[in-house]
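Everything on this sheet refers to the single structure shown next.
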Amino acid sequence: AIYELSCEAYKHLGKTSNYYWIDPDGSGALGPLRVYCNMTEDKVWTTVYHDLQMQTPVGGSSLEKLSVLQLNYSATMDQISAITSSAEYCEQFISYSCKMSRLLNTPEGSPYTWWVGKANEKHYYWGGSGPGIQKCACGIERNCTDPKYYCNCDADYKQWRKDAGMLSYKEHLPVSQVVVGDVERPGSEAKVSVGPVRCQGDRNYWNAASFVTSSSYLHFSTFQGETSADISFYFKTSASDGVFLENLGNTDFIKLELKSATEVSFSFDVGNGPVEMVVRSPSPLSDDQWHRVTAERNVKQASLQVDQLPLEVQKAPTEGHTRLELYSQLYVGAAGGQRGFLGCIRALRMNGVTLDLEERAKVTPGVKPGCSGHCTSYGMYCANGGKCVEKYNGYSCDCSKTAYDGPFCIKDVGAFFEEGMWLRYNFHLPGTSMKDLVSRTLLSSVDPEITAPDLTLNKEELSFSFSTTKSPCVLLYISSYTQDFMAVLVKPSGNLQIRYSLGGTKEPYNIDIDHRNMANGQPHTVNITRNGRDIVLQLDHYPPTSYSLPAASDIQFNSPKALFLGKVIEIGKIDQDIYKYNTPGFTGCLSRVQFNQIAPLKAALRPTNASSHVHIQGELVESNCGASPLTIPPMSAATDPWHLDSASADFPYNGQAIGDGVNRNSAIIGGVIAVVIFTILCTLVFLIRYMFRHKGTYHTNEAKGAESAESADAAIMNNDPNFTETIDESKKEWLI
């Protein structure tokens, strides 16, 4: 199986937080390891766990003066070193809880306790401090329990104390042992906690150079690839040809080249005559998108792969020369008067070592360090209206004008509303003139041509999801400084109603959805778009339905004032039905509420510039219990380029998969059995009800998510709880 080099690479495939197999040195000797990749909004964290329990007790034995706690990681020390060396920052939490047990024996004594890091070196500093400083965090911050000491535990109190903090000198990490000394006295006790090692950033993955002329090149020392050569890199170009790299010997050579807009060539000679392999792409590679090239050569065979195109393999001759003898410098870019590569190359690895293109480019004419234009390749991962933002080493998604957050703007922001609770979002703040409002940006639709300075809307886009078991209620209401309003209601029957009143008609225009009970405790999505007289409504996964305002109706929403969620608390005359539905108010969950470019729930739950527009009555509890599950069907194995990778990502040494035919047959048989069982059960229920129809019965309707599964692994819970489990947990809070 082919594994990505780092968590950073998985993020740039659009993957979310999860466990993944990574291979830090490519096809080198280290082999793959399983890590937890935590994709946050602006960072990617790689986490490696060990087997030492938190708060491990030490002490009680007078036989041994030293207690040694060994940490066994889910990876070898060399594998972890490969991660820490390429990371921008690493940290590991360490804590010592003590009762009559001294730690570093400050201010001037020999430490009783130390930890062992990389290369089996002993370290006498503690979390929150740094190398060469025999202090704990409280000694650095000057807030120790007893100011005479530099650690809380060194005061030797009979009460429990603690010294804790982050170890962040990555050259010393990870912690492999903790040796505890002062626990042999009567009454001495200690507890040790060590967190997983966490690293952020991947300097190798984004180490890049831009070649701005066809004669530009970087040179490095001779490539040592006599019996095996493993080369991988990413490139991005709008040029149709150019040499990526070349290294020469007397007659031997190795070369990678973009031969045409659709062809990548790998050629070499080990003394048996030139060999060339070509991968042809069905679409142009000169599309200014990132493409990955992997080339390998050993005594048995050579291979070349571009992106996920079929691997090109060529066997080595059974007799003849096998050693690649090179003497010249390695040239990246133009070499020997050939036309060099124009564009960007990054993450160039040769036999497991990343070449520092960036540093060399700083002192080379015609080559610039770093690359730009990452959004052309990765902007597609910013979903739900999120904007791709260029960064020096990568990209991020700006979710500020969406109702979502998370690294790809796909995490719903929602809340649970208790009975009587409500939220108001004011479209302008007191003291601002009508023409200075946020209307020109947020209140207007995304289309700039619709923007009007007088806060008159010809177009609205409204989307949200909700779940409730109570009806009637007001889900959402938009008031105005005139008599215009818009409302989304749940009627006493549990059916949904959209109500528009824009003037020109005696009664509001109602859209009634009578075929579905929306107050059934399940999440439902609502998308409403109005453009002039035309209204399009989409509920859940049903096809959109079109409606039209009456000919007499105005088509302008004049002077919108505020948006209400849960209840309407507004001065002036309110529609009679809405007034009735207002009591006792909405109970349930609302999620990802967005009106044009305004996200009122997100403004309430996330500190933003728009937070001052929000007023809340009651306690708003964040929850995604109103979030609908993702409705996008999964890609088929044939069209998903990462299908094989993801299938093997969690099981690198799995056996042969069962054939599709077997799975389909099993599914059909299972479906038939399920139908038969369901029919029998329905018949039994009917008979029982018939037999006992005169007896009183008592029924309870329990929410689907009432029986929660066992909680996920604590590490996952600390990082990114599973989506569906969170929904079930949140429902359980209020639906049981």
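The values are calculated or read from the model by the stated rules, or taken from the named source; none is laboratory data. A quick note: this is a predicted structure, and the numbers were derived from the prediction, not measured. For neighbour counting, all protein chains shown are included, and Cβ atoms are generated from backbone atoms with ideal geometry for every residue, glycine included. These accessible areas exclude ligands, DNA and RNA; they are computed on the full protein's heavy atoms, side chains included. Shrake-Rupley method; radii C 1.70, N 1.55, O 1.52, S 1.80 Å.
Structure above, values below:
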| quantity | calculated |
| --- | --- |
| Residues located in the range 126-173, provided they are aromatic (Phe, Trp, Tyr) and more than 11 Å from Leu103 (Cβ to Cβ) | Tyr157, Trp160, Tyr169 |
| Where a residue in the range 334-345 is in the same structural domain as Tyr234 (by the TED database) and its partner, wherever it lies, is at pLDDT 80 or above and of a type in the set (Asp, Glu), with Cβ under 7 Å and at least six apart | Ala335/Glu246; Arg339/Asp241 |
| Some residue of the range 361-374 being under 19 Å from the mean Cα position of the chain (by Cα) and surrounded by 18 or more Cβ atoms within 10 Å (Cβ to Cβ) | yes |
| Selection count, the range 540-571, where residues are open to solvent by less than 60 Å² (accessible area, probe 1.4 Å), under 20 Å from Val490 (Cα atoms) and assigned to a loop (DSSP other than H, G, I, E, B) | 5 |
| Some residue of the range 232-241 being open to solvent by 10 Å² or more (accessible area, probe 1.4 Å), among the charged types (D, E, K, R) and farther than 30 Å from Phe266 by Cα | no |
| Any hit, the range 180-196, residues being among the polar types (S, T, N, Q) and over 22 Å from Val35 (Cα atoms) | yes |
| Filter result for Leu357 (under 37 Å from the mean Cα position of the chain (by Cα) and crowded, with 23+ Cβ neighbours inside 10 Å) | yes |
| Condition met for Gly60 (at pLDDT below 90, surrounded by 15 or more Cβ atoms within 10 Å (Cβ to Cβ) and not in a helix (DSSP H, G or I)) | no |
| Unmet requirement for Asn204, which otherwise passes all of (1) buried (at least 21 other Cβ atoms within 10 Å of the Cβ); (2) more than 27 Å from Leu342 (Cα to Cα); (3) polar (S, T, N, Q) | (2) |
| Check on Ala82, at pLDDT below 90, within 31 Å of the chain's Cα centre (by Cα) and either part of a loop (DSSP other than H, G, I, E, B) or small (Gly, Ala, Ser) (or both) | yes |
| Where a residue in the range 403-425 is at pLDDT 85 or above and its partner, wherever it lies, is open to solvent by less than 20 Å² (accessible area, probe 1.4 Å) and acidic (Asp, Glu), with Cβ under 7 Å and at least six apart | Tyr404/Asp412; Lys411/Asp405; Val413/Asp405 |
| Residue count, the range 221-236 (criterion: over 13 Å from Arg346 (Cα atoms) and assigned to a strand (DSSP E or B)) | 2 |
| Some residue of the range 51-59 being within 40 Å of the chain's Cα centre (by Cα) and on the phi > 0 side of the Ramachandran plot | yes |
| Subset of the range 270-299 [of a type in the set (A, V, I, L, M) and assigned to a strand (DSSP E or B)] | Val275, Met277, Val278, Val279, Val293, Ala295 |
| So Gln289, is it open to solvent by 20 Å² or more (accessible area, probe 1.4 Å) and either in contact with a Phe, Trp or Tyr (Cβ under 6 Å, 6 or more places away or on another chain) or within 23 Å of Cys371 (Cα to Cα) (or both) | yes |
| Lone unmet requirement of (1) among the hydrophobic types (A, V, I, L, M, F, W, C); (2) touching a Leu at 6+ places or on another chain (Cβ under 8 Å); (3) assigned to a strand (DSSP E or B) for Ala302 | (2) |
| Yes/no for Val197 being outside the structural domain of Ser328 (by the TED database) and among the aliphatic types (A, V, I, L, M) | yes |
| Criterion violated by Glu141 - all others in (1) under 23 Å from Ser85 (Cβ atoms); (2) open to solvent by 50 Å² or more (accessible area, probe 1.4 Å) satisfied | (1) |
| Single residue of the range 305-330 satisfying the filter (out of contact with any Phe, Trp or Tyr (no Cβ under 6 Å at 6 or more places or on another chain) and in a strand (DSSP E or B)) that is surrounded by the most Cβ atoms within 10 Å (Cβ to Cβ) | Val306 |
| Only one of Ile574, Ile598 that is open to solvent by 30 Å² or more (accessible area, probe 1.4 Å) and either modelled with pLDDT of 90 or more or aliphatic (A, V, I, L, M) (or both) | Ile574 |
| Residue in the range 170-179 that is under 14 Å from Val194 (Cβ atoms) and open to solvent by 20 Å² or more (accessible area, probe 1.4 Å) present | yes |
| Positions within the range 64-94 being open to solvent by less than 10 Å² (accessible area, probe 1.4 Å) and either touching a Ser or Thr at 6+ places or on another chain (Cβ under 9 Å) or of a type in the set (Ser, Thr, Tyr) (or both), in sequence order | Leu71, Thr84, Ala87, Cys90, Gln92, Ile94 |
| The range 331-349, residues that are open to solvent by less than 30 Å² (accessible area, probe 1.4 Å) and either more than 28 Å from Gln79 (Cβ to Cβ) or touching a Phe, Trp or Tyr at 6+ places or on another chain (Cβ under 6 Å) (or both) | Gly333, Ala334, Ala335, Gly340, Phe341, Gly343, Cys344, Ile345, Arg346, Ala347, Leu348 |
| Residue within the range 395-404 that is among the basic types (Lys, Arg) and in contact with a strand residue (DSSP E or B) (Cβ under 7 Å, 6 or more places away or on another chain) present | no |
| Within the range 500-527, tally of residues that are under 20 Å from Pro584 (Cα atoms) and not polar (S, T, N, Q) | 3 |
| Test result for Ser445, modelled with pLDDT under 70 and either outside any helix (DSSP H, G or I) or basic (Lys, Arg) (or both) | yes |
| Strands (runs of 3 or more DSSP E) contained entirely in the range 6-50, each with at least 1 residues that are open to solvent by 20 Å² or more (accessible area, probe 1.4 Å) and not aromatic (Phe, Trp, Tyr) | 18-22, 33-39 |
| Residues being more than 14 Å from the chain's Cα centre (by Cα) and open to solvent by less than 10 Å² (accessible area, probe 1.4 Å) - total across the range 387-420 | 7 |
| Within the range 132-220, strands (runs of 3 or more DSSP E) holding 1 or more residues that are farther than 24 Å from Leu69 by Cβ | 189-200, 208-211, 217-220 |
